[in-house]
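Reviewing the structure listed below.
The values are calculated or read from the model by the stated rules, or taken from the named source; none is laboratory data. Just so you know, these numbers come straight off a predicted model, no measurement behind them. Glycine also receives a Cβ, built like all others from the backbone with ideal geometry; neighbour counts cover every protein chain displayed. Heavy atoms of the whole protein, side chains included, go into the accessibility calculation; ligands, DNA and RNA do not. Shrake-Rupley method; radii C 1.70, N 1.55, O 1.52, S 1.80 Å.
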Amino acid sequence: MKDLLDTVAKPARYIGGELNARPFDMGAKVKIAMCFPDVYEVGMSHLGMKILYHLVNDTQGAACARVFTPWPDYADALRAAGRKLTALEGGLELSAFDAVAFTLPYEMCFTNILETLDLGGVPVRSDDRGDGDPLVIAGGVCAFNPAPLSPFIDAFSIGDGEESMLDIISAIRDSDTRSARLVALSRAPGVYVPALHDGHTIITKRVVADLDAAYFPSEFVVPYLETVHDRAVLEVARGCTRGCRFCQAGMLYRPPRERSAATLAAQGESLIRSTGYDELSLCALSAGDYSGLADLSAALTKRLSGMRVKLSLPSLRVDSAIASSMGDAFETDVRKSSLTFAPEAGTQRLRDVINKGVTEENALRAAREAMAAGVNNIKLYCMIGLPTETEEDVAGIAGMVRRMLNIADTNRRPRVSLSVAPFVPKPFTPFQWAAQDTIPAIQGKISYLKTRMPRSVTLHWHDPSLSRLEACFSRGDRRIGGVMEAAWRGGCRFDGWTEQFKPELWENAFERTGVDPAYYANRERMLDEPLPWDIIDAGVSKEFLREEYLRAVAGDVTRDCREGGCQSCGLNAGRFDGRCPRAAVHSL
Amino acid sequence: MRLFIAFEKSFALRHIGHLDLLRVTQRALRRSGLPVAYSQGFNPHMLIAFASPLPVGQSGREELVDVTFEGYVDGATCLTALKAAMPPGLPPKLARAVSDDHPKLMAMLREASYLIRADGADSLAAAVPAFLARKEIPATRVSKSGSTRVDIRPMLRELGYIEALSAFHARVSFTERETLKPDLLVRSLAEFAGAPEPDTLIERVRLFGEKQGFAAPLMDC
């Protein structure tokens, strides 16, 4: 009588059929399962997933279906019933696709890749796949260090996916056997095929030089369930050159490119009309830096007037004074009324070390202005365990929070909450050589911070054992892949979800595989040590990163190249005719 | 002006909850380009009201929503625009204009009819005549605040078994004071027949109001 779906939580995650979902073309020559290694509500909020889903379906001869990792209750029910995971469109099992493609947005979803493959009937290890099995492809931020996942992934797509995806489709369409397809993929620019790689050829990341010409869907699939980001999104820019030394995205997505206000306004109108969303947000690593904001605001106002659309700006930087200029153009969401700052460190000295170009004065001024405009909640984000950090820097966080509480002239006090995340060193950042603090050291700093924090402040902190695991994955090699497989076989999945994270099973997996997590997380790398990701050319040169690391330790700041001139990060060396493709912001 | 709109919540979408359905409907109305009216005030919202939330797990053949528009919108135009705007599993069926002072759907609601598929329905079916012949049917209603004994016989208008569908058809009272939920009905029937409580799949077929003292489809009231 009852279906499996009648027995699990939130069955709407697994039914598909949403507004604007594409019918699946069973006759397509190239069938791709686009997988997100986390639950539906998270994956449906991911812009890259939306872009690639529509792009593949708009490509002649190709069909794309969506797959999200089933929550443990449904995964267990599928296994107990002896059934395989099927895609949301078309109802095919994963094993029936030509390619199963994963986006890799963060390290803590890695075990979900194995879980998804296994549930879909695809052997988890590349070596165990044969001619009848799909190619397993991965791209996204975490593909830049492919080593930990290379036992499981047949081909990595490095860099922007819009053009690369078309090459991948061609490679699959034009060959028939698994081995011929792998050879074709290995010849595509920006694609790394571990099984066919000689160990030293450099794979250069793909860059979409002109964002205006790049593919962008005119519609989004509109979920039934409320997702994490349930709104229309415009990608106003890609890349950031502020040069924060801990920030991987800031290095990987260079050069900064902008979409023109005219293109964005047309895309925004099309999305609002096709989805019925009442909220439009602007997305970029630093949306406040978008140079065409005034033009875009005017153009959107004209196109969307009377449609009751709220415009929201995420990831506002402390020194972006944009909110006020947008304020009267659209309905602003009064219920949210909170301001988010990420000063990242508690003292100016340490903010100089990490090259976070904001001062406490900036932050306090912006908070004061926001309070005057009616904002009551202030959210602060800081990291602990950054390179060169001292007790004074940790105490500095508490000091900054105290001053934030007392900013208002009147006796009105803002409600302040502080989130503290342990620093995780990432590949292709100046801190890629740095050590992460040990778990006891982080715990000690959090306790110390707690004793100095005013009681009215809400303090959140990330689990240090989760951050250590993230550090192991981010700078890991193939051996970490072995640990990961052992942990997954032991029952680990959805590690990024606090209630699912099982640190003792991970400890167990490290012990059984004889791998020491401290070797990956807590060890400072020698500057001349070969790194697992040396085979990838992410644009910025190793020399620049090394130089930046040394400047960091010395406390020297490096300016944003958009203001201070080219800082020779290496991105344009031998590319783009020696000049970064600067954004063309056309006037309307 | 106001329109009553009837739509189907298909079997495939039985897992969509009421709040999700509300959001989907609002978005569809926005997509349709129809001039939906909004409330005044600090936090304006669309003037739409459903006759009755459908529980998660149930589908509905004729669910009703009352939408207020700015200015005149005729039913046919509304239906065409909404058909293009609603997702595939929620097809709009009918639209009917009502006057601004027409009673609200929820206030007119009296009864609901259901199609109930149940495991072992054919063996339970034999017990229906005796079940209906009882003067009182005591049942235990379980809620968060505990369980209470109620007599469900007065709330049961009609109960029959449709062999071709292997399903029960039931019409029960559905008012603020007296509502008989179909799962409680099935549980009572199973208890009466001495059978274990069966798994069910429930479809709400139609909502009823009252016209000249008789039950009439709510859409026509």
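Below, the figures for the structure above:
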{"read-out": "Which listed residue, of A:78, A:88, A:52, is touching a strand residue (DSSP E or B) at 6+ places or on another chain (Cβ under 8 Å) and over 21 Å from residue A:226 (Cα atoms)", "value": "A:52"}
{"read-out": "Qualifying residue in the range A:354-361 (condition: assigned by TED's automatic domain parsing to the domain that holds residue A:442 and at pLDDT 95 or above)", "value": "yes"}
{"read-out": "Yes/no for residue B:36 being more than 14 Å from chain A (Cβ to nearest Cβ) and not polar (S, T, N, Q)", "value": "no"}
{"read-out": "Strands (runs of 3 or more DSSP E) wholly inside the range B:103-178 containing at least 1 residues that are of a type outside the set (Val, Ile, Thr) and free of Cβ contacts under 8 Å to residues at least 40 places away in the same chain", "value": "B:138-143, B:146-151, B:156-162"}
{"read-out": "Qualifying residue in the range A:47-58 (condition: part of a helix (DSSP H, G or I), of a type in the set (S, T, N, Q) and either over 29 Å from residue A:469 (Cβ atoms) or open to solvent by 30 Å² or more (accessible area, probe 1.4 Å) (or both))", "value": "yes"}
{"read-out": "Only one of A:517, A:581 that is touching a Phe, Trp or Tyr at 6+ places or on another chain (Cβ under 7 Å) and either touching a residue at least 40 places away in the same chain (Cβ under 8 Å) or open to solvent by 60 Å² or more (accessible area, probe 1.4 Å) (or both)", "value": "A:517"}
{"read-out": "Any hit, the range A:280-301, residues being under 28 Å from residue B:23 (Cβ atoms) and within 14 Å of chain B (Cβ to nearest Cβ)", "value": "yes"}
{"read-out": "Tally of residues being within 14 Å of another protein chain (Cβ to nearest Cβ), farther than 25 Å from residue B:32 by Cα and either open to solvent by 60 Å² or more (accessible area, probe 1.4 Å) or among the hydroxyl-bearing types (Ser, Thr, Tyr) (or both) across the range B:84-122", "value": "3"}
{"read-out": "One residue from A:539, A:496 being open to solvent by 40 Å² or more (accessible area, probe 1.4 Å), part of a loop (DSSP other than H, G, I, E, B) and among the small types (Gly, Ala, Ser)", "value": "A:496"}
{"read-out": "Test for residue B:151: is it within 14 Å of chain A (Cβ to nearest Cβ) and more than 30 Å from residue B:66 (Cβ to Cβ)", "value": "no"}
{"read-out": "Candidate set from the range B:1-56 (those that are under 15 Å from residue A:19 (Cα atoms) and among the hydrophobic types (A, V, I, L, M, F, W, C)); member that is surrounded by the fewest Cβ atoms within 10 Å (Cβ to Cβ)", "value": "B:12"}
{"read-out": "Residue list for the range A:473-485, filter: free of Cβ contacts under 8 Å to residues at least 40 places away in the same chain and open to solvent by 20 Å² or more (accessible area, probe 1.4 Å)", "value": "A:479"}
{"read-out": "Test: residue in the range A:95-106 that is aliphatic (A, V, I, L, M), away from every other protein chain (no Cβ under 14 Å) and in a loop (DSSP other than H, G, I, E, B)", "value": "yes"}
{"read-out": "Members of the range B:151-178 that are crowded, with 16+ Cβ neighbours inside 10 Å and among the aliphatic types (A, V, I, L, M)", "value": "B:152, B:155, B:156, B:159, B:167, B:170, B:172"}
{"read-out": "Count - residues of the range A:542-559 that are among the aliphatic types (A, V, I, L, M), outside any loop (DSSP other than H, G, I, E, B) and more than 11 Å from residue A:428 (Cβ to Cβ)", "value": "4"}
{"read-out": "Candidates A:4, A:47, filtered to the one that is touching a residue at least 60 places away in the same chain (Cβ under 8 Å) and within 18 Å of residue B:16 (Cα to Cα)", "value": "A:4"}
{"read-out": "Residue match in the range A:413-421 (condition: farther than 20 Å from residue A:360 by Cβ and not assigned by TED's automatic domain parsing to the domain that holds residue A:141)", "value": "no"}
{"read-out": "Residue list for the range A:149-207, restricted to those being open to solvent by less than 40 Å² (accessible area, probe 1.4 Å) and at positive phi", "value": "A:159, A:190"}
